[in-house]
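Here the structure is laid out as structure tokens; the discussion comes afterwards.
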Amino acid sequence: MNEHEQQVHAALTAIPGFEQLAAGAYSIARLGGLTNLVFRIEHGAERYVLRIPGKGTEEYIDREVEIHNARVAARAGVSAEVIHADIDSGVMLTRHIDDTVTMSPDEFGRRKGSATRAGEALKKMHDWSEPFEFRFELFSMIDDYLRILDERKAELPGGYAEVVESAQPVRAALARNPARLAPCHCDPLCENFLDTGERMWIVDWEYSGMNDPLWDLGDLSVEAGFNPDQDRELMRAYCGGEPGEAEFGRMVIYKAMCDLLWTLWGLIQHSDGNPAEDFWAYAIGRFERCKALMSSPQFAQHLCALEAG
């Protein structure tokens, strides 16, 4: 067995009910994942997804919270059934969702109605009555990530402190105009959306928590590279009609804020030596996009719309 096969076998046979599973009794296929090892497991007629956490993720992921929230999302009918999850190791086994396409910016561009289906799935999750654990607090997380980077004496892009300072009026405006908190994904990468063509499923709840629901929409718009028409399609599906200026403005504001936050996340991955991609380039790209949006005249208009309510 190669290294990945050995890791998969060790993880599987540590799961109750799988202890006697022979190495040749199942097949594995590597799936996507920036920080974790993720595999599709086929055993007879059964298909599963096995997640093995990546190095260093225990510093910023609370596995107990993630497991609770993943099970709530499954009960909401938005995500996959959690078959096994271990708080200590972070290993998680879920039911595979069949007959889906893993989304990407290109898939969101070519699959008609996909922004609508994503908006409907997020609305279903946000309206679920069972709360998530953890409160996703944007600026507290920025402070926490900065602390981790400072402890590691990691490099920050030039001007990052100034951009964080320029975001203080946004912080104040959001504090003056708080939103109803809802169970949110908080990290809606395209690849966390699985599309059947009729409905959208959402997976991977590592960063989930109670949050302003429009964070999820703004973040998805950034990750998917939505154009203005796609933004409107997403918001119309979510709002059940045309969004108000304050709602739309809040979503756009979060497009900038998510890039501000995930810049730091990328720098942490870079300092971890994560080989999944060039995380320095990832962080710089997000940082430059954040600066461009925040300096645009439209951004100031959206902030005024938020304040006006």
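Quick one: would you say residue 9 is assigned to a helix (DSSP H, G or I), farther than 25 Å from residue 208 by Cα, of a type outside the set (A, V, I, L, M, F, W, C) and out of contact with any His (no Cβ under 6 Å at 6 or more places or on another chain)? Give the steps one after another, and end with the answer.
Details: assigned to a helix (DSSP H, G or I): yes; farther than 25 Å from residue 208 by Cα: yes; of a type outside the set (A, V, I, L, M, F, W, C): yes; out of contact with any His (no Cβ under 6 Å at 6 or more places or on another chain): yes.
Yes: the conditions hold for residue 9.
Taking the stated definitions as given, is residue 171 open to solvent by 10 Å² or more (accessible area, probe 1.4 Å), more than 30 Å from residue 9 (Cβ to Cβ) and either part of a loop (DSSP other than H, G, I, E, B) or modelled with pLDDT of 95 or more (or both)? No: the conditions fail for residue 171. Any idea which residue in segment 38-56 is modelled with the highest pLDDT, counting only those that are surrounded by fewer than 18 Cβ atoms within 10 Å (Cβ to Cβ) and over 17 Å from residue 98 (Cβ atoms)? Selected residue: 55.
In a loop (DSSP other than H, G, I, E, B), touching a residue at least 12 places away in the same chain (Cβ under 8 Å), crowded, with 19+ Cβ neighbours inside 10 Å and of a type in the set (Gly, Ala, Ser): is that true of residue 80 in this structure? Before the answer, list the steps.
Numbers: in a loop (DSSP other than H, G, I, E, B): yes; touching a residue at least 12 places away in the same chain (Cβ under 8 Å): yes; crowded, with 19+ Cβ neighbours inside 10 Å: yes; of a type in the set (Gly, Ala, Ser): yes.
The answer is yes for residue 80.
Contact map, segment 258-279: residues that are within 21 Å of residue 153 (Cβ to Cβ) paired with residues that are open to solvent by less than 20 Å² (accessible area, probe 1.4 Å) and hydroxyl-bearing (Ser, Thr, Tyr), Cβ distance under 6 Å, separation 6+ or inter-chain. Pairs shown: 264/145.
Being open to solvent by 30 Å² or more (accessible area, probe 1.4 Å) and acidic (Asp, Glu) is the filter here, so list the residues in segment 57-77 that pass it. 58, 59, 62, 64, listed by residue number.
Listed here are the residues, each with its yes/no results for (1) open to solvent by less than 30 Å² (accessible area, probe 1.4 Å); (2) in contact (Cβ under 8 Å) with a residue 12 or more places away in the chain; (3) farther than 14 Å from residue 73 by Cα.
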{"site": "87", "(1), (2), (3)": "no, yes, yes"}
{"site": "90", "(1), (2), (3)": "yes, yes, yes"}
{"site": "99", "(1), (2), (3)": "no, yes, yes"}
{"site": "105", "(1), (2), (3)": "no, yes, yes"}
{"site": "122", "(1), (2), (3)": "yes, yes, no"}
{"site": "132", "(1), (2), (3)": "yes, yes, no"}
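From the residues in segment 280-302 that are in contact (Cβ under 8 Å) with a residue 24 or more places away in the chain and not hydrophobic (A, V, I, L, M, F, W, C), which one is surrounded by the fewest Cβ atoms within 10 Å (Cβ to Cβ)? Break it down stepwise before answering.
First pass over segment 280-302, keeping only residues in contact (Cβ under 8 Å) with a residue 24 or more places away in the chain: 283-284, 286-287, 289-291, 293-294, 298-299, 301-302.
This time we only want the ones that are not hydrophobic (A, V, I, L, M, F, W, C), so: 286, 289, 291, 298, 301-302.
Values: 286: 22, 289: 16, 291: 19, 298: 10, 301: 13, 302: 23.
Within segment 280-302, the match that is surrounded by the fewest Cβ atoms within 10 Å (Cβ to Cβ) is 298.
Scanning segment 143-177 for residues that are touching an Asp or Glu at 6+ places or on another chain (Cβ under 8 Å) and over 13 Å from residue 264 (Cα atoms) yields a count of 4. When segment 1-17 is limited to residues that are free of Cβ contacts under 8 Å to residues at least 24 places away in the same chain and not small (Gly, Ala, Ser), the one that is nearest to residue 274 (Cα to Cα) turns out to be 3. Residues that are surrounded by fewer than 19 Cβ atoms within 10 Å (Cβ to Cβ) and in a helix (DSSP H, G or I) within segment 192-224 are absent altogether. Within segment 103-118, the residues that satisfy the criterion of being among the charged types (D, E, K, R) and in a helix (DSSP H, G or I) are 106, 107, 110, 117.
The values are calculated or read from the model by the stated rules, or taken from the named source; none is laboratory data. Just so it is clear, the model here is predicted, and its values are computed rather than measured. Positions of Cβ are backbone-derived with ideal geometry, glycine not excepted, and every protein chain shown enters the neighbour counts. Side chains are part of the model used for accessible areas, which takes the heavy atoms of the whole protein and leaves out ligands, DNA and RNA. Shrake-Rupley method; radii C 1.70, N 1.55, O 1.52, S 1.80 Å.
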